[in-house]
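Colleague: Take a look at the following structure, please.
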Amino acid sequence: MRVPTALARAAVLAGSVVLAACGSSNRGMDMETGTSAIASGSSRVTLGVNSFLWHASLNTLSFMPLVSADPFGGVIISDWYVAPTAPDERLKVTVYIMDRALRADGLKVVVFRQTRSGAGWTDAAPSPDTAHKLEDSILTRARELRLASLGNG
C-alpha cells in the first residue's frame, strides 16, 4: 500500500477539522444545503460546497491517493491509481462539486486513463460508465449521510 503524501495528509487533517467543528449536533449546518460553518470567536467560515457531497466524495475515493482536496472550491484530484488486478492500466479522477445543494447536477466526475506499453504510459479513453458509476456512488453515499444527519437531529 502506498504511503499518503504530505498534501493528502493535510487534506485529511482539514477534513477532520471540518468534521470536528460540526460536532454531534446540527449547529452550524444548514440541513437543506448541507453547508457547514466553522466558527472561531467572531469569525465564521462556511464550506463552499455541499458538505454531504464533499464527505461522500472523499469516502468514495478513499481507496485512491489524493493530490489535492479543496473544500472551499469543491475540487478533489486523485493521484494515479493502479489496481492490483490490472497492473498495466491506471486511473486518475477529478471530482467537481459545483453547488451547495444536494443535487445530481451539482457533481461532475472526470476520469483519466492510461495504459502501459513498452514505450511507457500512454493516454487511453476511459469507459464512460466509470465516471457515471463513481457519480452514482457519491450521490448514494451523500443521500445516506444526509438521512443519517436527519436522524441525529
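The values are calculated or read from the model by the stated rules, or taken from the named source; none is laboratory data. Small disclaimer: the values here were computed from a predicted structure and weren't measured. Positions of Cβ are generated from backbone atoms using ideal geometry, with glycine treated the same way; all protein chains shown enter the neighbour counts.
Colleague: Can you name every residue in region 105-140 that is of a type in the set (Asp, Glu) and free of Cβ contacts under 8 Å to residues at least 24 places away in the same chain?
Modeller: Applying the first criterion (of a type in the set (Asp, Glu)) to region 105-140 yields 105, 123, 129, 135-136.
Answer for region 105-140, where residues must be of a type in the set (Asp, Glu) and free of Cβ contacts under 8 Å to residues at least 24 places away in the same chain: ASP105, ASP123, ASP129, ASP136.
Colleague: Further, regarding this structure: Here is a list: SER62, SER40, SER51. Which entry is farther than 25 Å from TRP121 by Cα, surrounded by fewer than 16 Cβ atoms within 10 Å (Cβ to Cβ) and either modelled with pLDDT of 50 or more or among the hydrophobic types (A, V, I, L, M, F, W, C) (or both)? Full working, then the answer.
Modeller: Values: SER62 fails: farther than 25 Å from TRP121 by Cα; SER51 fails: surrounded by fewer than 16 Cβ atoms within 10 Å (Cβ to Cβ).
Result of the check over SER62, SER40, SER51: SER40.
Colleague: Another question, if that's okay. Taking GLY120 and the conditions (1) on the phi < 0 side of the Ramachandran plot; (2) exposed (fewer than 15 other Cβ atoms within 10 Å of the Cβ), which numbered condition does it fall short on, given that it satisfies the others?
Modeller: So GLY120 meets the others, but not (1).
Colleague: Does ALA131 satisfy being surrounded by 12 or more Cβ atoms within 10 Å (Cβ to Cβ), of a type in the set (A, V, I, L, M), at pLDDT 95 or above and within 12 Å of SER51 (Cα to Cα)?
Modeller: No; evaluated as a whole, the condition is false for this residue.
Colleague: List the pairs whose first member sits in region 61-82 and is of a type in the set (D, E, K, R), whose second member is assigned to a loop (DSSP other than H, G, I, E, B), and whose Cβ atoms are under 9 Å apart, counting only residues at least 6 apart or on separate chains?
Modeller: Close Cβ pairs (under 9 Å, with a partner that is assigned to a loop (DSSP other than H, G, I, E, B)) amount to ASP70/GLY48; ASP79/ARG2; ASP79/THR5; ASP79/MET64; ASP79/PRO65.
Colleague: Output the number of the condition that THR115 fails; it satisfies all remaining conditions of (1) within 19 Å of LEU139 (Cα to Cα); (2) in contact with an Asp or Glu (Cβ under 6 Å, 6 or more places away or on another chain).
Modeller: (1) is the only condition that THR115 fails.
Colleague: Being over 21 Å from GLY48 (Cβ atoms) and touching a residue at least 12 places away in the same chain (Cβ under 8 Å): is that true of ARG143 here?
Modeller: Numbers: over 21 Å from GLY48 (Cβ atoms): no; touching a residue at least 12 places away in the same chain (Cβ under 8 Å): yes.
So ARG143 fails the test.
Colleague: Out of region 114-132, which residues are assigned to a strand (DSSP E or B) and of a type outside the set (Phe, Trp, Tyr)?
Modeller: Answer for region 114-132, where residues must be assigned to a strand (DSSP E or B) and of a type outside the set (Phe, Trp, Tyr): GLN114, THR115, ARG116, SER117, GLY120, THR122, ASP123, ALA124.
Colleague: A further question on this structure: Can you confirm whether ASP70 is charged (D, E, K, R) and loosely packed, with under 14 Cβ neighbours inside 10 Å? Working first, answer last.
Modeller: Working: charged (D, E, K, R): yes; loosely packed, with under 14 Cβ neighbours inside 10 Å: no.
Spelling it out, it is not the case that ASP70 is charged (D, E, K, R) and loosely packed, with under 14 Cβ neighbours inside 10 Å.
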